[in-house]
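Read the structure below first, then the notes.
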Amino acid sequence: MKKRIHKNLIKKVSYLVVGLIFTLGISYALFSEVLQGERWYVIENDGLKVYLDESKHTENISLEQMLPVLDEDGIENAPYRFSLVNESSSDLAYTIYLKEGEAEKKTPSNFIRYNYTRDVDNINITRNVTDNQTEDGRYFIESGVLPKESSYQYMFRMWLSYEADESAMGSQYAVRLEVEAKQNISIYKDSVLNGCDPVLTPNLVPVIIKEDGTVLKTSASKKWYDYTNQEWANTVVLTDKTAKYKEGEVIPEANIESYFVWVPRYKYKIFNDTIYTGLTTIENRVKEIEIEFENKETAKSIGTTTGSWLTHPAFISFDTNGFWVGKFETGYKGATSTETAQVNSSAPEKLQIKPNVYSWRNITVGNAFKASYDYLRSDESHMMKNTEWGAVAYLQHSKYGSRMSVRNNNNNSYKTGYASISEPTLGYNTNGTSIPGNLNGTTSDVTLPYNTPTGYTASTTGNITGIYDTSGGAWEYVMGYNINANAVGGSSELTSIYGDFFTNSKWEKYYDKYSNAEVDASKYQTGLLGDATREMGPFGDIKDPDGNSRYRTSWYGDLAYFIHPVDPWFERGGRWLNGVESGAFAFYYNSGGVSTGISFRVVLTP
């Protein structure tokens, strides 16, 4: 393939040092050598083997020409291959790192890009070497558990970024591959999840949250979640990622940047396959949704009719055993008022997911997507999709969730994690005016925080371990888009940020597509199974006290307005002043532009 190069490029031969560090218990072995020739290196200890295939070494990984190339070219280079093989009778926890070697004149590592793939689950990651630097100066690639009597095969490529400046020219970059592993590990697994237990990364600290909101560091080897008893797994991202906490130690709120909750992969029994094209009469269709957890190695269920089973589509596009959902609506870091959290920017460093902060609003879909996408790239962060919202809503209404109407967050300052004291939540007076919730109790409906018995009712679990703000607070834009939009992307600004967003297939997994051509917001026929839209029918028109039409679902009477070509983006959940019309099953349409009443949520799929 023809490479794109800088005009003033100075070609310089460099080299690659490939090594292996591997630790079993307290033993420590080191293998390090400049590879050459064509043969296999095999490192073995107590059942673990690491195969290093150097046959492609001099052609690619050595970066002999140091030509700056675009990612699309770099990932097409012939790969360097290596394998992890676990021949023991125990699972093995492993971590793979890169470590810089010595070089006479070293290229700055921030100009080095790499890509790796893993065979068993189609992992395909491209990032900067420096994206995940550890405290000891190495660069994290991935960690996981290699099941007993199994193997992973990897292909690894590395290149000089096309963005490299002249300081990178004529220099070298040496790196070695390091694998650390421990056998006879004991990682807690919840048997009901059938192998869909939480995936932890260096960014995610497993925690137990006490009823008063105190956050305790926990060990992944001990019981820290129990989905049978509606206790979902929680993790936090630290503000100071170098901070270390012992098991049982309190993690101060000041050092928590974000909270996440694990949604395990599952199939569900389809409960309504009717295609609704308009309004009829609302019926009470609320029921427990039947689900069964299943890991991604299980054959997918592909039902389409009521009573058949369907692997929830939210888990298909990323082919994961689950995903981490922001525990609260996304907040704007540093905001000290409702107004100062209304910022239309894409700065990921301003993103936080915490209780009792001002929800980030007045932001376009495009900027919300970019801020989410850039937040934790190594953990595949992205803005929540419409089907992912549906996966949370269905899990909430299964035996593993609260199975009731999620209480409205009626905090009129758009603070996260609050709940109305009333059920059903007040929202409209008899004259149709809104009833604000506030913190001083001077109106008819007070709002209380997440770490109180009232606050628990606004959680998907009915306790503090669940996901908050799915009813009320702010509306939340999700990545659900009508491909028949009158203007491509609507008012989302997506195409100005990513020019190929709607034409390049690499972006398709980040949004759900809908295709209804009608402008009538009561046309529900293209709703997807699992997204908690058309399955919540039939739908009816309930007048408010002023006689205005209010399209509502048969599930708690939540608002139900479908997207269309003029307003092609979904928003979910309702906002604080919608009262009883808000809910986990509420949906509405919008242009994708700014609104002081709309926020967004972040998902991780590591």
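The values are calculated or read from the model by the stated rules, or taken from the named source; none is laboratory data. Worth saying up front: this structure is predicted, and the values here are computed from it rather than measured. As a convention, Cβ positions derive from the backbone with ideal geometry for all residues, glycine included, and neighbour counts pool all protein chains shown. Protein only, heavy atoms only, side chains kept; ligands, DNA and RNA dropped before computing areas. Shrake-Rupley method; radii C 1.70, N 1.55, O 1.52, S 1.80 Å.
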Members of the range 271-303 found to be under 26 Å from the mean Cα position of the chain (by Cα), surrounded by 14 or more Cβ atoms within 10 Å (Cβ to Cβ) and of a type in the set (Asp, Glu), listed by number:
GLU290, GLU292, GLU294
Give all pairs with beta carbons closer than 9 Å in which a residue from the range 326-346 that is among the β-branched types (Val, Ile, Thr) meets a residue that is open to solvent by 10 Å² or more (accessible area, probe 1.4 Å) and part of a loop (DSSP other than H, G, I, E, B); count only pairs at least 6 apart in sequence or on separate chains.
THR338/ASN412; THR338/SER413; THR338/TYR414; THR338/THR596; THR340/GLY334; VAL343/ALA335; VAL343/ASN362
The number of residues in the range 578-606 that are part of a loop (DSSP other than H, G, I, E, B), surrounded by 22 or more Cβ atoms within 10 Å (Cβ to Cβ) and of a type in the set (A, V, I, L, M, F, W, C) is 3
Go through the range 558-577 and report how many residues are open to solvent by 10 Å² or more (accessible area, probe 1.4 Å), within 20 Å of VAL406 (Cα to Cα) and part of a loop (DSSP other than H, G, I, E, B).
2
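Quick test for you: out of ALA164, ALA181, pick the one residue that is in contact with a helix residue (DSSP H, G or I) (Cβ under 7 Å, 6 or more places away or on another chain) and of a type in the set (A, V, I, L, M, F, W, C). Steps first, please.
Numbers: ALA181 fails: in contact with a helix residue (DSSP H, G or I) (Cβ under 7 Å, 6 or more places away or on another chain).
Exactly one residue qualifies, and that residue is ALA164.
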Quick count over the range 478-517, residues being among the β-branched types (Val, Ile, Thr) and within 19 Å of ARG572 (Cα to Cα), is 2
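Looking at the range 221-253 only, could you name the residues that are aliphatic (A, V, I, L, M) and either open to solvent by less than 30 Å² (accessible area, probe 1.4 Å) or out of contact with any strand residue (DSSP E or B) (no Cβ under 9 Å at 6 or more places or on another chain) (or both)?
Taking the range 221-253 as the starting set, the residues that turn out to be aliphatic (A, V, I, L, M) are 233, 236-238, 243, 250-251.
Matches in the range 221-253: ALA233, VAL236, VAL237, LEU238, ALA243, ILE251.
Quick check on my filter: what residues within the range 66-95 are in a strand (DSSP E or B) and open to solvent by less than 20 Å² (accessible area, probe 1.4 Å)? Talk me through it step by step, then tell me what you get.
Step one: filter the range 66-95 for residues in a strand (DSSP E or B), giving 68-69, 80-86, 92-95.
Correct list: PRO68, VAL69, TYR80, PHE82, SER83, LEU84, ASN86, LEU92, TYR94.
Which residues, counting only those in the range 562-606, are among the charged types (D, E, K, R) and at pLDDT 95 or above? Show your work before the answer.
Filtering the range 562-606 down to residues among the charged types (D, E, K, R) leaves 567, 571-572, 575, 581, 601.
Result: ASP567, GLU571, ARG572, ARG601.
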Counting only residues that are under 23 Å from VAL85 (Cβ atoms) and either touching a Gly at 6+ places or on another chain (Cβ under 9 Å) or open to solvent by 20 Å² or more (accessible area, probe 1.4 Å) (or both), how many does the range 112-137 have?
10
Qualifying positions in the range 219-245 - under 28 Å from HIS397 (Cα atoms) and of a type in the set (Val, Ile, Thr):
THR228, THR235, VAL236, VAL237
The range 207-217, residues that are closer than 16 Å to ILE187 by Cα and open to solvent by less than 10 Å² (accessible area, probe 1.4 Å)
VAL207
Selection status of ILE256, without any contact (Cβ under 8 Å) to a residue 60 or more places away in the chain and closer than 20 Å to VAL207 by Cβ:
no
Restricting to the range 520-531, what's the tally of residues that are more than 12 Å from TYR588 (Cα to Cα) and open to solvent by less than 10 Å² (accessible area, probe 1.4 Å)?
3
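Taking the condition open to solvent by less than 60 Å² (accessible area, probe 1.4 Å), without any contact (Cβ under 8 Å) to a residue 40 or more places away in the chain, touching a strand residue (DSSP E or B) at 6+ places or on another chain (Cβ under 8 Å) and not polar (S, T, N, Q), does LEU204 pass? Spell out how you get there, then give the answer.
Details: open to solvent by less than 60 Å² (accessible area, probe 1.4 Å): yes; without any contact (Cβ under 8 Å) to a residue 40 or more places away in the chain: no; touching a strand residue (DSSP E or B) at 6+ places or on another chain (Cβ under 8 Å): yes; not polar (S, T, N, Q): yes.
When the stated conditions are applied, LEU204 does not pass them.
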Of the residues THR495, THR503, THR443, THR452, which single one is modelled with pLDDT under 95, of a type outside the set (A, V, I, L, M, F, W, C) and more than 20 Å from the chain's Cα centre (by Cα)?
THR443
Using beta carbons and a limit of 9 Å, which pairs, at least six apart or on different chains, have the first residue in the range 72-98 and over 20 Å from ARG127 (Cα atoms) and the second one of a type in the set (A, V, I, L, M) and not in a strand (DSSP E or B)?
SER90/ILE185; ASP91/ILE185; ASP91/ILE187; LEU92/ILE185; ALA93/ILE185; ALA93/ILE187
Lone unmet requirement of (1) modelled with pLDDT of 95 or more; (2) closer than 30 Å to TYR358 by Cβ for ASP273
(2)
Of everything in the range 140-176, what is among the aliphatic types (A, V, I, L, M) and at pLDDT 75 or above? Give them in sequence order.
ILE141, VAL145, LEU146, MET155, MET158, LEU160, ALA164
Selection from the range 271-317 of residues that are more than 21 Å from THR460 (Cβ to Cβ), of a type in the set (A, V, I, L, M) and touching a residue at least 12 places away in the same chain (Cβ under 8 Å)
ILE275, LEU279, ILE282, ILE316
Just to be sure before I move on: is ILE282 modelled with pLDDT under 95 and more than 24 Å from PHE140 (Cα to Cα) in the structure I sent?
yes
Condition test on GLU493, is it at positive phi and among the charged types (D, E, K, R)?
yes
